């Protein structure tokens, strides 16, 4: 035990003394905050579009469309159509196309970003939208909604309704109250949906930390193998002590990073709203949910840490490891795709099936935790996960020495031989 702890301390100090560790500590909150606020920052930095609206249908819908665009976010700049009035929609489009292509400028010196031409009969008009940004569907949706509302209003006025009566009808919004037997108060509140988002966040945190710790172990083992340090360790400590020490050391590194990130998040997010922190702590303590998360965290971490440690012992260079990790990382994108479904459909059959596959179990069960899955699923998936982890530890104990003493490129036959106890020995 003392040798295992010594190895763990050595692993921990070897990483926390590096510049890369502290850079990752500092850059992760920056990247997280950037990802969270990216949408709002992009919206604020988006330049307004210069749009021409032309109505040749005779319904005078151009004012309604222009008004809707000026109320959008960001508001569009409505430009007077050069060459208007137009005899037809084809003439309007042919005249305005050079301005849209940048071959000509409007009298105000602006290049058009979009041209909307309302054509057809006044009682059933259609819309031609010419735009420089062919992947932006926002402008199309705004114009479609505005034209639909304008046509609806025109038809209601034609049937004899006054403008005030139409406005009163459109202003009606029904009061909808949502209830659930899962809500303590009966009526669903914002706090009732908080556990689902906490579970999703825990699933992603577990995913990130597990792979981070596993990557640390993989690089550590490869480096020590190339420097012949593993051979020295094998002469003074047993394989279980080496594997255990490395896993404990990597766990301490990830725990340190998580602590720093949690403190930053606490000051950054909850300093402005301490009530939210109290709510989240209440969610974690509700029915022992925090212990549920810890169960799958430790199980998942140990499972992947053992796997990556064993793989590292059979790899001579990081390039060798990448050939093995590539397919594994593709496989691990599956739980990331399905974790988002855990908020809205936690009992979806596909989620339940994938939860029983050990490589996906810790992440998906953590994400589903807030929905309180049946106890038999918790016990069964946890037992299967720890059973696979125990098998991994047994294989690692037999194969690690063989891989650590082997030289050359990764050999799958050598891995099988080591697991069966027929590999090289000293």
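A single member of 264, 253, 278 is at pLDDT below 80, part of a helix (DSSP H, G or I) and within 28 Å of residue 22 (Cα to Cα), and it is 264. Checking the structure you have, find out if any residue of the range 102-116 is under 30 Å from residue 158 (Cα atoms), outside the structural domain of residue 215 (by TED's automatic domain parsing) and either part of a helix (DSSP H, G or I) or modelled with pLDDT of 85 or more (or both). Yes, the conditions are met somewhere in the range 102-116. In the range 308-379, counting only helices (runs of 4 or more DSSP H) that sit wholly within it, the ones holding 2 or more residues that are within 19 Å of residue 296 (Cα to Cα) and modelled with pLDDT of 85 or more span 333-339, 349-355, 361-368.
If you take the residues in the range 60-97 that are in a helix (DSSP H, G or I) and in contact (Cβ under 8 Å) with a residue 60 or more places away in the chain, which one is farthest from residue 155 (Cα to Cα)? Restricting to residues being in a helix (DSSP H, G or I) and in contact (Cβ under 8 Å) with a residue 60 or more places away in the chain, the top hit is 69.
The values are calculated or read from the model by the stated rules, or taken from the named source; none is laboratory data. Note that the structure is a prediction, hence the values are computed from the model and not measured. As a convention, Cβ positions derive from the backbone with ideal geometry for all residues, glycine included, and neighbour counts pool all protein chains shown.
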